[in-house]
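Here is the structure we will look at, set down as structure tokens.
Please treat every number below as a calculation from the coordinates, not as lab data. Keep in mind that this is a model prediction, so the values were computed, not measured. When we count neighbours, we look across all protein chains shown, and the Cβ atoms used for this are built from the backbone with ideal geometry, even at glycine.
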Amino acid sequence: MSTTNIDTRFTEYLLHLADDALILGHRNSEWCGHGPILEQDIAITNISLDLIGQARNLYQYAASLIGQETTEDTLAYLRDPVQFKNNLLAELPRGDWAVTILRQFFFSNYQFLLYSKLQSGQDVQLAAIAAKSLKEVTYHLRWSSEWVIRLGDGTEGSLKRLQNALSDLWPYTGEFFLPASYEAGEYDPSGLEPDWRLKTAEIFQEAGLVMPSSKAGLSGGKEGKHSPDLEFLLEEMQVLPRTYPGATW
């Protein structure tokens, strides 16, 4: 394998991590001003800012490797849906509060394990980004875990909403652990699945949820095969840079 191929795959991996954070951050930002109570409106908005900040760090690193006048902005705003490498779970519509909470828990559980591993990785700059991100993700995981338990152990209505969210989201969770073409060697995520399932089962037990027995098999996002939901999201997110190319504040 040539050095060029190794660099290309690593850059694609960085874009995958950044795209996950950006798209999920954008989805969470849709709650700004619409949260169930003011405190949680602020909390989910801050989580979205954390995720977008993680995406910026990763895009900046990727841009420095790609060169050719590539910037974090061109990577976020001037790529088409097929060029994005985020998990399908991130791009699904916002849904109700139960959907948002459960999706965040699934992602935070995964990112906690992933960044814990990457902070000890061979690439020094990625390790530093992972270590910084892990501090934020630790809070995201605690916050979303507490909310899953609160909804599951709350009213009959909140539990039903959570169960509906689980039915809708669970089929997408397997993509976390299905290696893409650029996730080889130390970046293979498949080894994270046992600990992810263990933590998920622990929180589900407290919330009164049962782990689904069905296989989580929907995938393709990490290789650029997306749903129309991502197209609509990017149309909204990218409208200004694409309408006024090169514009600055």
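Residues in region 173-187 carry Karplus couplings, in order, of 6, x, 5, 3, 9, 8, x, 7, 4, 9, 9, 10, x, 5, 9 Hz; the curve used is 6.51 cos²θ - 1.76 cosθ + 1.60 with θ = phi - 60°, and Gly or Pro positions show x.
Packing, as the average of other Cβ atoms within 10 Å across residues, places the peptides 234-240, 111-117, 60-66 in the order 111-117, 60-66, 234-240, highest first. A DSSP coil position with no more than 12 other Cβ atoms inside 10 Å describes the following trypsin sites (Lys or Arg not before Pro) in region 144-249: Lys215, Lys225.
Which of the pairs Lys85/Lys117; Lys160/Lys215; Lys117/Lys222; Lys132/Lys225; Lys135/Lys222; Lys85/Lys160 have their Cα atoms more than 28 Å apart in this structure? Pairs exceeding 28 Å: Lys132/Lys225; Lys85/Lys160. Within the listed set Gly152, Gly220, Gly121, the residue fluctuating most in the Gaussian network model of the chain (springs between alpha-carbon atoms under 10 angstrom) is Gly121. Specify the inter-centroid distance of region 66-101 and region 179-242, based on alpha-carbon positions, in whole Å. Between the Cα centres of region 66-101 and region 179-242 lies a distance of 13 Å. Taking other residues whose beta carbon is less than 14 angstrom from the beta carbon of Glu236, and scoring Lys, Arg as +1 and Asp, Glu as -1, yields -2. Computed over the chain with a Gaussian network model linking Cα atoms closer than 10 Å, the most mobile of Ile101, Ile52, Ile129 is Ile129. Here the spin labels are modelled as points 7 Å beyond Cα on the Cα-Cβ line, and at Asn46 and Asp195 they lie 2.6 nm apart.
Look at the alpha carbon pairs under 8 Å that are at least 6 residues apart: their mean separation over the length of region 90-161 gives a relative contact order of 35 percent.
You can think of it this way: the chain between Tyr77 and Tyr139 has 19.5 nm of extra reach, that is 0.36 nm per residue less the Cα-Cα gap. Each stretch of four or more DSSP H residues adds -39500 (n - 2.57); spread over every residue of the chain, this sum gives -21500 deg cm²/dmol at 222 nm.
The relative contact order of the chain comes to 23 percent, based on Cα pairs under 8 Å that sit 6 or more residues apart. Given labels modelled 7 Å from the Cα in the Cβ direction, how far is it in nm from Met237 to Asp153? The answer from the label model is 3.5 nm.
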